[in-house]
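Engineer: Below: one structure in structure tokens.
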Amino acid sequence: MKHLELHIIQSVPVACLNRDDLNSPKTAVFGGVQRARVSSQSWKRAIREMAEKDVDKSSQFKGKRSRLFIEKISSALLKLGETETIANCLALCAGHYLAKLDPKQDGKVKTLVFLSPFEYEIFANLLFTLNDDDKKKLTDAVANIDKEKLSSDDDNDTDVDEEEPEKKKKDKKKLTPKQFSKLVAKIIKTPIEKAFKQEKKETKSLPKDAADIAIFGRMVANDHSLTVEAASMFSHALSTHKADNEIDFFAAVDELQPKEESGAGMTGTLEFNSATYYRFAALNMDMLADKDHLGSMTKEERQTVIRTFIEATVKAIPGARKNTMNSNTLPAYVVGVVREKGHPIQLVNAFEQPVRPSMKGFSVESINRLNAEFADTKETWGIESVFSKAVVKNSMKEQVEDSLCSIETCSLEELINGMVNHVI
């Protein structure tokens, strides 16, 4: 597996980048002590957003995770000339096929689905080309679905007895969720599979506006032909040291309160922490170039995609509480590695024994340990790389110089250029 790796040391001040169900910053125990933690999903979303808005210049990162894609498919059907009633019904059926309609919220499905704009068009085109009889069946099904039971599990529904007289079948005005699901699947499953297989056959990959889907993956439980294995791998960011959550007590003044009255208009508490994190990300370049991902792109186009990925991964940070606890920082240290074979290896074991507090902070010692662990993997296990360079904060270069060993330092632009030169 030809792949690239990014190993990042980054200090973040007072923040709650990623919270749990109790609104507390997420944590994990590693090396016997509590660490601050940011889930990979949280940081990946920040990377996708930065890639699309600030870095991507070629409209390759256009995928959106949403429960509201039904409206997008319906709009595409209207542009093709479908009537509004039929367009809405067909789009609802496509939504139900992919992720089951949400009975409590019209026009939404139960789970997020990751789709690109061109894929909305693929769905619209195949639905538009259904014969009139199938369109009528789907339209009637939407009108007759028993919405009160739509929230129930399909597997708990009772099928209509195959031996039941036709008269009794006609008397059943409402379709059960299972009946509705079967009808929808019967009519659109094959066309959807054919449409996406044809698209892959013609383009030999995902649509070119779906680079983020190729990198971050997609799971569609109801149709595995739409599932895409992620070409990237991320770890949860962990603090390199012991970290405890703290509590911030706040009081807000009621500015219309009479002067003779005292006391705050509102009080409350928020939890936060601060930490120096080790972040790890990798990208399987062999997989990215295959027919299930971005095989139709030229080498230069894939280089653009990977350039965007690297820059966004280095610079992005989750936006939680960005106005009240702005924690936007840039890394103190980034090691970029390209390997021709083997699996990506994160270097988190450099911090199994937590870094201890000192007057130098945590970053310098974390960088030194990271470099030692990198050298150790090579010496102990013979793990070679065809490229390895590092970007280090200028003010820290002298303090970490002795631990760099064979790692050459460079600018971020030089690091990115060096890594994309190995793209296949």
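The values are calculated or read from the model by the stated rules, or taken from the named source; none is laboratory data. All figures in this text were calculated on a predicted structure; none of them were measured in a lab. A quick note on method: Cβ atoms are made from the backbone with ideal geometry, for glycine too, and the neighbour counts reach across all protein chains shown. Please note that ligands, DNA and RNA were not included when accessible areas were found on the heavy atoms of the full protein model with its side chains. Shrake-Rupley method; radii C 1.70, N 1.55, O 1.52, S 1.80 Å.
Engineer: Could you check how many residues of the range 296-306 are open to solvent by 30 Å² or more (accessible area, probe 1.4 Å) and not in a helix (DSSP H, G or I)?
Structural biologist: Residues flagged as open to solvent by 30 Å² or more (accessible area, probe 1.4 Å) and not in a helix (DSSP H, G or I) within the range 296-306 amount to 2.
Engineer: Considering K242, K208, which residue is open to solvent by 60 Å² or more (accessible area, probe 1.4 Å), at pLDDT below 90 and of a type in the set (D, E, K, R)?
Structural biologist: Criteria check complete, one pass: K208.
Engineer: Right, here's the next one. I need the full set of residues from the range 285-294 which are part of a loop (DSSP other than H, G, I, E, B) and in contact with a helix residue (DSSP H, G or I) (Cβ under 8 Å, 6 or more places away or on another chain), in order please.
Structural biologist: Result: A289, K291, D292, H293, L294.
Engineer: Go through (1) part of a strand (DSSP E or B); (2) within 19 Å of the chain's Cα centre (by Cα) for F309 and report which single condition fails.
Structural biologist: F309 satisfies all of (1) part of a strand (DSSP E or B); (2) within 19 Å of the chain's Cα centre (by Cα) except (1).
Engineer: Look at T85 and say whether it is more than 17 Å from Y278 (Cβ to Cβ), in contact (Cβ under 8 Å) with a residue 12 or more places away in the chain and assigned to a loop (DSSP other than H, G, I, E, B).
Structural biologist: no
Engineer: For the range 1-58, which strands (runs of 3 or more DSSP E) that fit wholly inside it have 1 or more residues that are closer than 27 Å to T298 by Cα and of a type outside the set (D, E, K, R)?
Structural biologist: In the range 1-58, the matching strands (runs of 3 or more DSSP E) lie at 3-15.
Engineer: I'm checking my understanding of the structure. Among residues of the range 369-424 that are closer than 18 Å to T240 by Cβ and among the small types (G, A, S), which one is modelled with the lowest pLDDT?
Structural biologist: Per the criteria, the residue is S403.
Engineer: May I pose another question? Please verify whether E82 is on the phi < 0 side of the Ramachandran plot and open to solvent by less than 70 Å² (accessible area, probe 1.4 Å), treating the condition exactly as stated.
Structural biologist: yes
Engineer: Please specify each residue of the range 370-424 satisfying the condition of being part of a helix (DSSP H, G or I) and among the acidic types (D, E).
Structural biologist: E373, D376, E379, E398, E401, D402, E413, E414
Engineer: Also: Give me the pairs: first residue in the range 222-238 and within 21 Å of K182 (Cα to Cα) and in contact (Cβ under 8 Å) with a residue 12 or more places away in the chain, second residue crowded, with 18+ Cβ neighbours inside 10 Å and not hydrophobic (A, V, I, L, M, F, W, C), beta-carbon distance under 8 Å, and six or more apart or on different chains, which are they?
Structural biologist: What qualifies is N222/Y97; N222/K100; D223/Y97; L226/R218.
Engineer: Are any residues in the range 362-398 in contact with a Lys or Arg (Cβ under 9 Å, 6 or more places away or on another chain), open to solvent by 40 Å² or more (accessible area, probe 1.4 Å) and either of a type in the set (D, E) or under 13 Å from V334 (Cβ atoms) (or both), and if so, which ones?
Structural biologist: E365, E384 - these are the residues of the range 362-398 that are in contact with a Lys or Arg (Cβ under 9 Å, 6 or more places away or on another chain), open to solvent by 40 Å² or more (accessible area, probe 1.4 Å) and either of a type in the set (D, E) or under 13 Å from V334 (Cβ atoms) (or both).
Engineer: Here's something else I'd like to know. Can you tell me which condition A281 does not meet? The list is (1) more than 27 Å from G32 (Cα to Cα); (2) buried (at least 18 other Cβ atoms within 10 Å of the Cβ), and all the others hold.
Structural biologist: (1)
Engineer: Give the range 344-358 a look and list any residue that's modelled with pLDDT of 95 or more and open to solvent by 20 Å² or more (accessible area, probe 1.4 Å), or say none.
Structural biologist: Once the filter is applied, which keeps residues that are modelled with pLDDT of 95 or more and open to solvent by 20 Å² or more (accessible area, probe 1.4 Å), the range 344-358 yields P344, I345, Q346, V348, N349, E352, Q353, P354, R356.
Engineer: Going by the conditions given, is S232 of a type in the set (S, T, Y) and under 23 Å from I8 (Cα atoms)?
Structural biologist: The answer is yes for S232.
Engineer: Could you say which residue among E229, E261 is over 30 Å from L126 (Cβ atoms) and open to solvent by 70 Å² or more (accessible area, probe 1.4 Å)?
Structural biologist: Among E229, E261, only E261 is over 30 Å from L126 (Cβ atoms) and open to solvent by 70 Å² or more (accessible area, probe 1.4 Å).
Engineer: I've got another one for you. Condition test on K44, is it in contact (Cβ under 8 Å) with a residue 60 or more places away in the chain and within 17 Å of the chain's Cα centre (by Cα)?
Structural biologist: Considered against the rule, which asks whether it is in contact (Cβ under 8 Å) with a residue 60 or more places away in the chain and within 17 Å of the chain's Cα centre (by Cα), K44 comes out as yes.
Engineer: Six or more apart or on different chains, Cβ under 6 Å: which pairs go from a residue in the range 117-128 that's closer than 14 Å to I187 by Cβ and in contact (Cβ under 8 Å) with a residue 60 or more places away in the chain to one that's open to solvent by 30 Å² or more (accessible area, probe 1.4 Å) and part of a helix (DSSP H, G or I)? Could you list them?
Structural biologist: L126/P191
Residue-by-condition table, conditions (1) loosely packed, with under 15 Cβ neighbours inside 10 Å; (2) without any contact (Cβ under 8 Å) to a residue 12 or more places away in the chain; (3) touching a Gly at 6+ places or on another chain (Cβ under 7 Å):
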position	(1), (2), (3)
K2	no, no, no
L6	no, no, yes
D20	yes, yes, no
R35	no, no, no
G63	no, no, no
S66	no, no, no
L92	no, no, no
A99	no, no, no
D106	yes, yes, no
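Engineer: Something else now. Among the candidates E379, E373, E311, E352, single out the residue that is over 26 Å from S58 (Cα atoms), of a type in the set (D, E) and touching a residue at least 40 places away in the same chain (Cβ under 8 Å).
Structural biologist: After ruling out the rest, the residue left standing is E352.
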